[in-house]
There are 2 protein chains.
Amino acid sequence: MPSTSLNSVRTEIEDSLSFFVKGKAEKLNNIDEYLQPISKSLSEYILAGGKRFRPVFAYLGFLGAGGAADPKIARACAALELVHVCALIHDDLMDGSDTRRNRQSIHREFQNYHDEAKYFGSSENYGASVAILLGDLSLVWSDELLFSSGIATEQLNQALPIFYDMREELMAGQYLDVLESVIGKSSKSRSSKIAQLKSGKYSIERPLQFGAALSGANPKLLDDFSKFGLALGEAFQLRDDLLGIFGEPNVTGKPSGDDIREGKRTLLIALTLERCNEPERRLLEKSLGEKTLDNSAIAEIQELISRCGAKGECERLIAELFDQSMENLEKSDCIDEIKALLAEMAKAATQREK
Amino acid sequence: MPSTSLNSVRTEIEDSLSFFVKGKAEKLNNIDEYLQPISKSLSEYILAGGKRFRPVFAYLGFLGAGGAADPKIARACAALELVHVCALIHDDLMDGSDTRRNRQSIHREFQNYHDEAKYFGSSENYGASVAILLGDLSLVWSDELLFSSGIATEQLNQALPIFYDMREELMAGQYLDVLESVIGKSSKSRSSKIAQLKSGKYSIERPLQFGAALSGANPKLLDDFSKFGLALGEAFQLRDDLLGIFGEPNVTGKPSGDDIREGKRTLLIALTLERCNEPERRLLEKSLGEKTLDNSAIAEIQELISRCGAKGECERLIAELFDQSMENLEKSDCIDEIKALLAEMAKAATQREK
């Protein structure tokens, strides 16, 4: 097998996405010229970047199970990114987030478009409607890309059950996340469960297994990838929790402390509530979901999370889970050259700044 | 071939949906017990009825092309209903509609659930989030049902391009519909184009072709079904326009005049604006999209639409398009026994009261 690098994998994924999405945008424009603003916006959104974690993990799962690099597989793996784009567009709408991938979220973009065009009716409703439809479109494109990837029917049949589980676990995790923020109670076990669904499974374990299944991997390797992926996914989510509160806005592309304003009941928040005193607890509870918090209020919460030791505990957990995932990777049947790339990805997933 | 009736076709579709959806709901409950309210609500919503036009047309397309009745095909055709459920859930959210299929729309149901459970945060946001996620779930279930239907790979490959087009045309039509209501201008040609995408193609032509493709129909029959389906679909949409304004609330399951409050710029509205005088035009324009219109205001608009002749013109167009579709059906290569069932469906689609 020719030597593979993360860069070459990323390039293949990017090329697959770009080719597919451009074709789809053109097709929309041919249906009706009035579709141009949405075809342009959705394709730019998809191609504007993002970490492509899921397709890259999927491709590495395929290569790690002994598959040989193949543009058809890159296309099949790129399909996972389109599921993810749907999740991002709909998630930002549900959370009322203004920014994503260093640009406006879709609902805000079209809300502004409505305002500028002086359209009738509510610009907020218009933005929300466009975001709902563009998320839907990305979701239907995802399975079209998978099925038109050119992979063999047998490969498809092996990978499909995992694809289905992945999408379902994503929706389930998203719902439980929404529920958690309205129930207004934090519990370490609930936060962990949601993190496991949303990140452990959806972001890492399932993509790896999806790729491995495409190469007809045996159950032992699928299980190895599960062990590696779940531990790493939990660490990935904890890093997300930290970035959602301590992230640098000009690096993450999202305002600092956004998770507080959105009332996200992450494991980091559960750890904080466990450790802080009663007045601190009341302050934090009052701040969660408070859309209008200013920067000094956010700074106070950041300070609280650090001071009580929850931030440090979170970092310790990340390091521990990372080590555990590395051990699992080492013991796995994954081929050695790909183990090195997976270790690189694991570092990127847990030590990232965005 | 054993004799087929619309009832037997409907029963097969219903059984397929029911079996699939119950399995999916159970799977969600196994992921997490907190998912029970949404698995219950979504499965009840799907199984609560609906006309099942799209799966029935698809199955008749299959039989009309010479296919023999087969539970695998019923399952594949039932997948179209799940696409439609996504469209309904998301459409009601975008339009702010309270009722559907004689029950609450999903976003209202969960908004009320939030209120009753005294959850934190905005109950409206919560309802909207659940509706977004349940629509997404129904959409991903649709292709899972199609792919797990058990049909042969060759059949799948023949039908998939049509399935993709259908979903894309649906999203495109929905977007153009939203756009039309905010642009605040009515045009007969735009209204017709949107009606063609949303109903002509999505509701009838594509389902028929999808079914025909499953039985490996030749291009001539696909074209025949297109001619029958497009004319019928336009008539179907015009009936929808009339029901959206003149429908009996206790039959349609939606309040009378709902399309006026939602500001829908249908062909019926375009015909009215073309025929009425200036003060009437101003009244209608002012009323479109006005959520708070009371019943007497709605009655005034109904009266206006009748008086200016737009209602009668709409009925004439429906009759004309119906006749045209019957002529096309007669000339088609569809097998005779199924022609009779398609004619029955055509009557149901254009002479319905809900």
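Could you give the size of the charge dipole of region A:6-351 about its Cα centre, using +1 on the Cβ of each K and R and -1 on the Cβ of each D and E, expressed in debye and rounded to the nearest 20?
220
With the label 7 angstrom out along Cα to Cβ, how close does B:PRO249 come to the same site in each of the other copies, in nm, nearest first?
In nanometres, ordered from closest: 4.8.
Relative to the other copies, what are the label-point distances for A:GLY23, with labels 7 Å from Cα along the C-beta vector, expressed in nm at one decimal and sorted shortest first?
3.1
Straight distance only, please: which aspartates and glutamates reach the Cα of A:LYS51 with their own Cα at less than 15 Å, same-chain residues fewer than 8 apart left out?
Straight-distance partners of A:LYS51: A:GLU12, A:GLU14, A:ASP15, A:GLU81, A:ASP240, A:GLU344, A:GLU353.
Which loop trypsin sites (Lys or Arg not before Pro) in region A:146-198, with loop taken from DSSP, have no more than 12 other Cβ atoms within 10 angstrom of their Cβ?
Listed in order of number, the matching sites are A:LYS185.
In the neighborhood of A:GLN155, defined by Cβ-to-Cβ distances under 14 Å, what is the net charge if each Lys or Arg adds +1 and each Asp or Glu adds -1?
Neighbour charge sum, excluding A:GLN155 itself: 0.
For region A:193-288, with only Lys/Arg (+1) and Asp/Glu (-1) charged at the beta-carbon, what is the dipole magnitude about the Cα centre, in debye rounded to 20? Could the numbers behind the result be given before it?
Details: 15 positive and 14 negative charges, 43 e Å.
Around 200 debye, computed over region A:193-288.
Can you give me the P(r) profile for region B:244-354? Cα pairs, bins 5 angstrom wide beginning at 0, each as a whole percent.
Histogramming region B:244-354 at 5 Å steps yields 2, 11, 18, 19, 15, 11, 9, 7, 4, 2, 0 percent.
Hey, if you put +1 on the Cβ of every Lys and Arg and -1 on every Asp and Glu Cβ in region B:3-131, which of B:ILE73, B:HIS114, B:ALA131 ends up farthest toward the positive end of that dipole?
In region B:3-131, that residue is B:ILE73.
If you find the alpha carbon centre of region B:49-68 and of region B:135-174, how far apart are they in angstrom?
If you average the Cα positions of each part, the centres end up 15 Å apart.
From Cα pairs below 8 angstrom and at least 6 apart in sequence, can you work out the relative contact order of chain A, rounded to a whole percent? Write out the running numbers ahead of the final one.
Numbers: 489 pairs, mean separation 69.4, N = 354.
It rounds to 20 percent for chain A.
Net charge around A:ASN7, counting only other residues with Cβ within less than 11 Å of its Cβ (Lys, Arg = +1; Asp, Glu = -1)?
Net of charged neighbours comes to -2.
Using a probe radius of 1.4 Å on heavy atoms only, what accessible surface per residue do you get for region B:6-351? Whole Å² is fine.
Per residue, region B:6-351 has an accessible area of 37 Å².
Could you identify which residue out of B:LEU243, B:LEU47, B:LEU146 has the top mean-square fluctuation in a GNM of chain B using Cα springs shorter than 10 Å?
Greatest mean-square fluctuation among the candidates belongs to B:LEU47.
Taking a label point 7 Å out from Cα toward Cβ, give me the nm distances from A:PRO279 to the same spot in the other copies, shortest first, one decimal.
Shortest to longest, the spacings are 7.0 nm.
Can you give the accessible area buried between chains A and B, summed over both chains, with a 1.4 Å probe, in Å² to the nearest 100? Before the final figure, lay out each step's value.
Numbers: alone 15770 and 15790 Å², together 26700 Å².
Chains A and B together bury approximately 4900 Å².
Going by a 1.4 Å probe on protein heavy atoms, which residues of region A:18-39 end up with at least 30 Å² less accessible surface in the whole assembly than in their chain alone?
Residues meeting the cut-off: A:LYS27, A:ILE31, A:ASP32, A:TYR34, A:LEU35, A:ILE38.
Just A:GLY289, A:GLY50, A:GLY257 to compare: in a GNM of chain A, with alpha carbon springs under 10 Å, which one fluctuates most?
For chain A, modelled as a Gaussian network with Cα springs under 10 Å, the answer is A:GLY50.
Structure shown: which of A:LYS188/A:LYS311; A:LYS118/B:LYS291; B:LYS227/B:LYS264; A:LYS286/A:LYS354; B:LYS118/B:LYS291; B:LYS188/B:LYS264 lie over 24 Å apart, alpha-carbon to alpha-carbon?
B:LYS227/B:LYS264; A:LYS286/A:LYS354; B:LYS118/B:LYS291
At a 1.4 Å probe radius, carbon and sulfur cover how many percent of the accessible area of chain B?
Numbers: 6540 of 13370 Å².
Percent of accessible area from carbon and sulfur atoms in chain B: 49.
Given the options B:ALA343, B:ALA79, B:ALA87, state which has the largest fluctuation in a GNM of chain B using a 10 Å cut-off (strictly under) for Cα springs.
Sorting by GNM fluctuation, first place goes to B:ALA343.
Which residues, if any, in region B:114-139 have at least 30 Å² less accessible area in the whole protein complex than in the isolated chain, probe 1.4 Å?
B:TYR119, B:PHE120, B:TYR126, B:SER129, B:ILE132, B:LEU133, B:ASP136, B:LEU137, B:LEU139
The values are calculated or read from the model by the stated rules, or taken from the named source; none is laboratory data. This structure is a prediction, so every number in the text was calculated from the model and none was measured. Glycine gets a Cβ as well: all are built from the backbone with ideal geometry, and neighbour counts include every protein chain shown. Only protein heavy atoms, including side chains, enter the accessible area calculation; ligands, DNA and RNA are left aside. Shrake-Rupley method; radii C 1.70, N 1.55, O 1.52, S 1.80 Å.
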